[in-house]
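J.: Just passing along the structure, written as structure tokens.
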Amino acid sequence: MSIDVLERPEAVIDDERVFVMLTVAGQTCGVPVASVRDILGEQAITRIPLAPPEIAGSLNLRGRIVTAVDLRRRLNLPPPPEGHKPMSVVAEHGGELYALLVDQVSEVMSLKAEDFESNPPTLEQAWAVFSTGIYRLEDRLLVVLDVPKLLALSGED
Amino acid sequence: MDDLLADFLTETNENLAELDVALVTLERTPNDEATLSFIFRLVHTIKGTCGFLGLPRLERVAHAGENVLGKIRDKALTVTPDIVSQILAALDCVKSIVAHLGAAGTEPAGDDADLIATLNATASGQTAAPESEKNPEPEVAPASALTVTPTAAVQTIRVTVDVLEDLMTLVSELVLTRNQLLQLARSQENAAFSVPLQRLSHITSDLQEGVMKTRMQPIGNAWNKLPRLVRDLSREMNKKIELTMLGADTELDRQVLEFIKDPLTHMVRNSGDHGLETPDERRAAGKPESGRISLNAFHEGGHIIIEIADDGRGLAIDRIKAKALANGLASEAELAVMSDDQIARFIFRAGLSTAAKLTAVSGRGVGMDVVKTNIERIGGTVDLKNKPGHGTTFIIKIPLTLAIVSALIVEAGHERFAIPQLSVVELVRARREADGTTESVIERINGTPFLRLRRRLLPLVSLSGLLQLGVPQTDDDGAYIVVAQVGTNMLGIIVDRVFDTEEIVVKPVTAILRHVTMFSGNTILGDGSVIMILDPNGIARATGIGAGGEAKPAPVAATEKAHSGQKTTMLLFRANGDQKMAVPLGLVARLEDIPRERIELSCGEPVTQYRGKLMPLVPISGNHDLERATQPVLVFADRDRAMGLMVDSIIDVVDDHLAIELGGVRPGMLGTAVIRGEAMDIVDTGYWLTRAATDWFDGAAPAGQDVRQRHVLVVDDNAFFRQLLVPTLGAAGYQVSAAAGAEEALRLRDAGRLFDAIVSDIDMPDMDGLTFCRTVRAGGAWAALPIIAMTARAEPRDIALGRAAGFTDYVTKSRREDLTEALRACLTEPALA
């Protein structure tokens, strides 16, 4: 599917885009499907001492070491309830693989450009920094996550 | 670039490397027809191919060189050092053209008429005759390893290094997957797949070995430039040098080979330049006229040992001593108790070149420290043996390969870590014997753990504490101590459990974790879990071990530089009975012995008349003996006020690196540091000053003009100065925050924290104060803040540099009053534009 998106002419991409939908702390979010390399269920994660708090640890994805970034911590959200099993959205950034830990990954959806709006001014700063805009879905709002920004953790800026 | 040209470049580069060696051989054995025709053939090939590819400039140079060689082959010319030099010059010209071709794809513009004219003149016999008496002495035997074997009958194909690298990565993954499968199979008895799995396992091992072999190259490849180098050196320096190379076919990983190429070249150059004496000096010392440099490479227990030996004059211990003293690397007292070998190791420290005069070749102040850094970067070590008058031998020990290392798997705080086997010396189990002996028992001084190991005190560090794993160290009994070698220092790492050793594939850590220097990489274990690989060098640095030792390892040149300036002069004294304490001498104004009769009481507190004023005296121990004949007092002064701290006796003044173990100490003490090998409390002067008079710092505070408390950020990598400044500035009426480095400070800025002023150190690892200041000034919320530089270096040049970088003011470390003065100046006036 990602290839389809890439090969369509510009004009059409502007009209309709495909997102992986996920939830974090009850909020629906979307990540452009082209930037997603993998979706993983619960994984064994090795803690990394002395790492920034947003880094949950590292995990083994078919022989590659992937750094796990906790989306809740990144967005200043409270930790998930005890016993919750996070899922991961794997994306590449700066030649390395990262796994964004989210509460749930639900489906892949095409969204129309006419439903898109840029960040409303009242959106909380912690969210606005990592959001490129909002889609008005029928029953709820979807925040488009800025994956490169989420993964641009201190140490490289 | 077309394929034809690319192939030509690869081939020519290889040929040129061989030519250098062959020509030096030819110079020694002018009548060796095989070598001569080998050289002729190579030059001829180069000439022929460039004619074909349309490279006229290259062709002309090669042609002129071939002419001379042709004359030699036809016996019209005899080989002399000058002729060889000319041909070498022609080859250098060819090399530079080839290099440009490789980079730009075209021949560089230029004219080689002079060179060609010289070569042509030689070919026609014009200059060769008068030089012929300078033939090399026939008694110099050709070095064994220099014999060129121009047999190219082995069948080879050319494969790019990238392909091999990819293969290596894939095989590494295959090995890991195999290990995982084996682990699974172990838990299932009689599984149908156990037999094929065994076969798979064997094949994988063979494959791994095979691919490893493709990466292996003889160490001679790193050496083939050396004969030429030594030859040029001997002509330039007018020394006679023989180079012998043994074990040139010892194989090692090409990645490792690349790393050691430059250090080796540098060391050989050093040996030739200032290791070996001139022929006259050698004759006078009763040695053969020609000096000898020998290289020897061999395998030893999974490592490669390379020895670089010369039979020269040896290292001048006295000069190293003087230099170490002058550069503040060690004090006279420290040097006095060091062995000659320990002193000799100072040459591995930054900024210590012993060459009496600078030559074009060496003695430029960079050198052995860089060599050591490069070798340590690949997990190797370098040491030396020095025999004054008989020469110096350097011994390099490096791993065979970087890709797969053997590692010890340990557990601390319920997490597993890998420690490279290379740095592990032994394992000790801490236990309390029934007979009460103290061997193998962890002992503590003020909470800092130590172990007696064969009559030496081994500093220990708890891994779970160091990595802040949040699990309190369980009972010492039964804990394991991994004894690790870091440079020349030993360090014990306390872990909870030790598993076995495993072959691991080192993968670099992700970019956002590079600042955590405690890890050298990470890997995937046989059971599929990810594990961090510890870096013993990083651990030693983090704990300050090696900082006080005589031969501190130099992991990174920059860090070394930052720390070498941080020797602190400490005043040692006795108080509280027999306890030893220390205070930075820079903070003490004077030392006084006050006669008992001059100590009076004012409101029940002891005071003395001092320089026409009353000076309060504060006992450092609660109950003070006022019956002594004289009272030793440390006087602290600030502007026109002074206070005296009463102690039992003054011991000494020493220079030492200060590494404070912080936390959990009594008020009035900053913590404990090991000074001259003894644990001592470090006095918190800020605390005692406020004890003497609660209004001590009131004069320094921006009195009454501004009700709001000013907020100052202190940036210093040195924990001691942070600990010193925070209470001092706090007492002066400021709210103080501290950052352990420029990056941490910038993170505070990016997090939106606001301050009224910044006080920053200059010498800091990673990002220094100047860069930090420029970064702050470049933009952001802090761009207009007053920034005060605080440093040990306050030469006019440094101050100018600081001002240029944007610092508002520049004060010397340890002069507290200057700092408070500067802060007050820039906070009461609007910040300087």
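The values are calculated or read from the model by the stated rules, or taken from the named source; none is laboratory data. Not measured: the values here are computed from a predicted model. Neighbour counts run over all protein chains shown; Cβ positions are idealised from the backbone, glycine included.
J.: Kindly list the number of the only condition in (1) more than 14 Å from B:Phe8 (Cα to Cα); (2) free of Cβ contacts under 8 Å to residues at least 40 places away in the same chain; (3) touching a helix residue (DSSP H, G or I) at 6+ places or on another chain (Cβ under 6 Å) that fails for B:Asp114.
T.: (3)
J.: Can you tell me which residue among A:Glu16, A:Glu92, A:Glu82 is within 14 Å of another protein chain (Cβ to nearest Cβ) and on the phi < 0 side of the Ramachandran plot? Step through it out loud before you land on a result.
T.: Numbers: A:Glu16 fails: within 14 Å of another protein chain (Cβ to nearest Cβ); A:Glu82 fails: within 14 Å of another protein chain (Cβ to nearest Cβ).
So the residue among A:Glu16, A:Glu92, A:Glu82 that is within 14 Å of another protein chain (Cβ to nearest Cβ) and on the phi < 0 side of the Ramachandran plot is A:Glu92.
J.: Could you give every pair whose Cβ atoms fall below 7 Å, whose first residue belongs to segment B:444-470 and is on the phi > 0 side of the Ramachandran plot and in the same structural domain as B:Ile481 (by TED's automatic domain parsing), and whose second residue is in a loop (DSSP other than H, G, I, E, B) and loosely packed, with under 14 Cβ neighbours inside 10 Å, counting only separations of at least 6 or pairs across chains?
T.: From residues that are on the phi > 0 side of the Ramachandran plot and in the same structural domain as B:Ile481 (by TED's automatic domain parsing), the pairs are B:Gly447/B:Gly664.
J.: For A:Arg72, all conditions in the list (1) more than 14 Å from chain B (Cβ to nearest Cβ); (2) assigned to a strand (DSSP E or B); (3) buried (at least 17 other Cβ atoms within 10 Å of the Cβ) hold save one; what is the number of the exception?
T.: So the condition that A:Arg72 fails would be (2).
J.: Is it the case that some residue within segment B:182-200 is of a type in the set (S, T, N, Q), within 14 Å of chain A (Cβ to nearest Cβ) and either touching a strand residue (DSSP E or B) at 6+ places or on another chain (Cβ under 8 Å) or surrounded by 13 or more Cβ atoms within 10 Å (Cβ to Cβ) (or both)? First the steps, then the outcome.
T.: Just the residues of segment B:182-200 that are of a type in the set (S, T, N, Q), to begin with: B:183, B:187-188, B:190, B:194, B:198.
With within 14 Å of chain A (Cβ to nearest Cβ) added as a condition, the list becomes B:183.
Then drop every residue that is not either touching a strand residue (DSSP E or B) at 6+ places or on another chain (Cβ under 8 Å) or surrounded by 13 or more Cβ atoms within 10 Å (Cβ to Cβ) (or both), which leaves B:183.
Yes, because at least one residue in segment B:182-200 is of a type in the set (S, T, N, Q), within 14 Å of chain A (Cβ to nearest Cβ) and either touching a strand residue (DSSP E or B) at 6+ places or on another chain (Cβ under 8 Å) or surrounded by 13 or more Cβ atoms within 10 Å (Cβ to Cβ) (or both).
J.: Need the failing condition index for B:Gly314 against (1) touching a Pro at 6+ places or on another chain (Cβ under 6 Å); (2) among the small types (Gly, Ala, Ser); (3) at pLDDT below 80, just the number.
T.: It is condition (3) that B:Gly314 fails.
J.: Looking at B:Val530, B:Val483, which one is modelled with pLDDT of 85 or more and more than 14 Å from chain A (Cβ to nearest Cβ)?
T.: Being modelled with pLDDT of 85 or more and more than 14 Å from chain A (Cβ to nearest Cβ) holds for just one of B:Val530, B:Val483, which is B:Val483.
J.: Among the residues that make up segment A:116-124, is at least one of them under 17 Å from A:Phe19 (Cα atoms), more than 14 Å from chain B (Cβ to nearest Cβ) and touching an Asp or Glu at 6+ places or on another chain (Cβ under 6 Å)? Walk me through how you get there before you give the answer.
T.: Residues of segment A:116-124 under 17 Å from A:Phe19 (Cα atoms): A:116-118.
Filter once more, so that each one left must be more than 14 Å from chain B (Cβ to nearest Cβ): A:116-118.
Filter once more, keeping what is touching an Asp or Glu at 6+ places or on another chain (Cβ under 6 Å): none.
No, segment A:116-124 contains no residue that is under 17 Å from A:Phe19 (Cα atoms), more than 14 Å from chain B (Cβ to nearest Cβ) and touching an Asp or Glu at 6+ places or on another chain (Cβ under 6 Å).
J.: Just the residues that are modelled with pLDDT of 85 or more and either farther than 14 Å from B:Thr265 by Cβ or part of a helix (DSSP H, G or I) (or both), please, taken from segment B:218-232.
T.: B:Pro218, B:Gly220, B:Trp223, B:Leu226, B:Pro227, B:Arg228, B:Leu229, B:Val230, B:Arg231, B:Asp232
J.: Mind listing just one residue for me: the one in segment A:34-54 that is β-branched (Val, Ile, Thr) and either in contact with a Pro (Cβ under 9 Å, 6 or more places away or on another chain) or more than 7 Å from chain B (Cβ to nearest Cβ) (or both) and, of those, nearest to B:Gly465 (Cα to Cα)?
T.: To start, the set of residues in segment A:34-54 that are β-branched (Val, Ile, Thr) comprises A:36, A:39, A:45-46, A:48.
When the remaining residues are screened for being either in contact with a Pro (Cβ under 9 Å, 6 or more places away or on another chain) or more than 7 Å from chain B (Cβ to nearest Cβ) (or both), the result is A:36, A:39, A:45.
Numbers: A:Val36: 38, A:Ile39: 36, A:Ile45: 21 Å.
Among residues in segment A:34-54 that are β-branched (Val, Ile, Thr) and either in contact with a Pro (Cβ under 9 Å, 6 or more places away or on another chain) or more than 7 Å from chain B (Cβ to nearest Cβ) (or both), the one nearest to B:Gly465 (Cα to Cα) is A:Ile45.
J.: Run down B:Val268, B:Val337 and say which single residue is surrounded by fewer than 18 Cβ atoms within 10 Å (Cβ to Cβ) and of a type outside the set (Asp, Glu).
T.: Values: B:Val268 fails: surrounded by fewer than 18 Cβ atoms within 10 Å (Cβ to Cβ).
Exactly one residue qualifies, and that residue is B:Val337.
One line per residue, one yes/no per condition, for (1) modelled with pLDDT of 90 or more; (2) more than 21 Å from B:Gly521 (Cα to Cα); (3) in contact with a helix residue (DSSP H, G or I) (Cβ under 9 Å, 6 or more places away or on another chain):
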position	(1), (2), (3)
B:Thr393	yes, yes, no
B:Leu400	no, no, yes
B:Ala403	no, no, yes
B:Ile419	yes, no, yes
B:Val425	no, no, no
B:Arg429	no, yes, no
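J.: Could you run through segment A:125-157 and say how many residues are within 14 Å of another protein chain (Cβ to nearest Cβ) and touching a strand residue (DSSP E or B) at 6+ places or on another chain (Cβ under 9 Å)?
T.: The total comes to 6.
J.: Of all residues in segment B:350-391, which are β-branched (Val, Ile, Thr) and either farther than 21 Å from B:Ala309 by Cα or at pLDDT below 55 (or both)?
T.: From segment B:350-391, those β-branched (Val, Ile, Thr) are B:354, B:359, B:361, B:366, B:370-371, B:373, B:375, B:378, B:381-382; that's our starting set.
Of everything in segment B:350-391, those that are β-branched (Val, Ile, Thr) and either farther than 21 Å from B:Ala309 by Cα or at pLDDT below 55 (or both) turn out to be B:Thr354, B:Thr359, B:Val361, B:Val366, B:Ile378.
J.: State all residues of segment B:256-302 that are in contact with a helix residue (DSSP H, G or I) (Cβ under 8 Å, 6 or more places away or on another chain) and of a type in the set (S, T, N, Q); if no residue qualifies, say none.
T.: B:Thr265, B:Asn270, B:Thr278, B:Ser290, listed by residue number.
J.: Restricting to segment B:308-334, name every residue that is buried (at least 17 other Cβ atoms within 10 Å of the Cβ) and not small (Gly, Ala, Ser).
T.: Correct list: B:Ile308, B:Asp310, B:Asp311, B:Arg313, B:Leu315, B:Ile317, B:Ile320, B:Lys321, B:Lys323, B:Leu329, B:Glu334.
J.: Between A:Glu114, A:Glu42, which is charged (D, E, K, R) and touching a residue at least 12 places away in the same chain (Cβ under 8 Å)? Can you show your working first?
T.: On the way: A:Glu114 fails: touching a residue at least 12 places away in the same chain (Cβ under 8 Å).
Unique residue meeting the criteria: A:Glu42.
J.: Just give me the residues in segment B:233-249 being among the hydroxyl-bearing types (Ser, Thr, Tyr) and either modelled with pLDDT under 85 or part of a strand (DSSP E or B) (or both), in sequence order. Working first, answer last.
T.: At the first step, the residues of segment B:233-249 found to be among the hydroxyl-bearing types (Ser, Thr, Tyr) are B:234, B:244.
Hit for segment B:233-249 is B:Thr244, nothing else.
J.: Might you let me know whether segment B:510-521 holds any residue that is of a type in the set (Gly, Ala, Ser), under 12 Å from B:Pro420 (Cα atoms), outside any loop (DSSP other than H, G, I, E, B) and more than 9 Å from every other protein chain (Cβ to nearest Cβ)? Walk me through how you get there before you give the answer.
T.: Filtering segment B:510-521 down to residues of a type in the set (Gly, Ala, Ser) leaves B:511, B:520-521.
Within this subset, residues satisfying the condition of being under 12 Å from B:Pro420 (Cα atoms) are B:520-521.
Those still in the list that are outside any loop (DSSP other than H, G, I, E, B) too: B:520-521.
With more than 9 Å from every other protein chain (Cβ to nearest Cβ) added as a condition, the list becomes B:520-521.
Within segment B:510-521 (the criterion being of a type in the set (Gly, Ala, Ser), under 12 Å from B:Pro420 (Cα atoms), outside any loop (DSSP other than H, G, I, E, B) and more than 9 Å from every other protein chain (Cβ to nearest Cβ)), the answer is yes, since at least one residue qualifies.
Residue by residue, here is whether (1) in a helix (DSSP H, G or I); (2) at pLDDT 80 or above; (3) within 16 Å of B:Glu11 (Cα to Cα); (4) not assigned by TED's automatic domain parsing to the domain that holds B:Ala17 holds:
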{"position": "B:Asp111", "(1), (2), (3), (4)": "no, no, no, no"}
{"position": "B:Leu115", "(1), (2), (3), (4)": "yes, yes, no, no"}
{"position": "B:Gln126", "(1), (2), (3), (4)": "no, no, no, no"}
{"position": "B:Glu133", "(1), (2), (3), (4)": "yes, no, no, no"}
{"position": "B:Thr151", "(1), (2), (3), (4)": "no, no, yes, yes"}
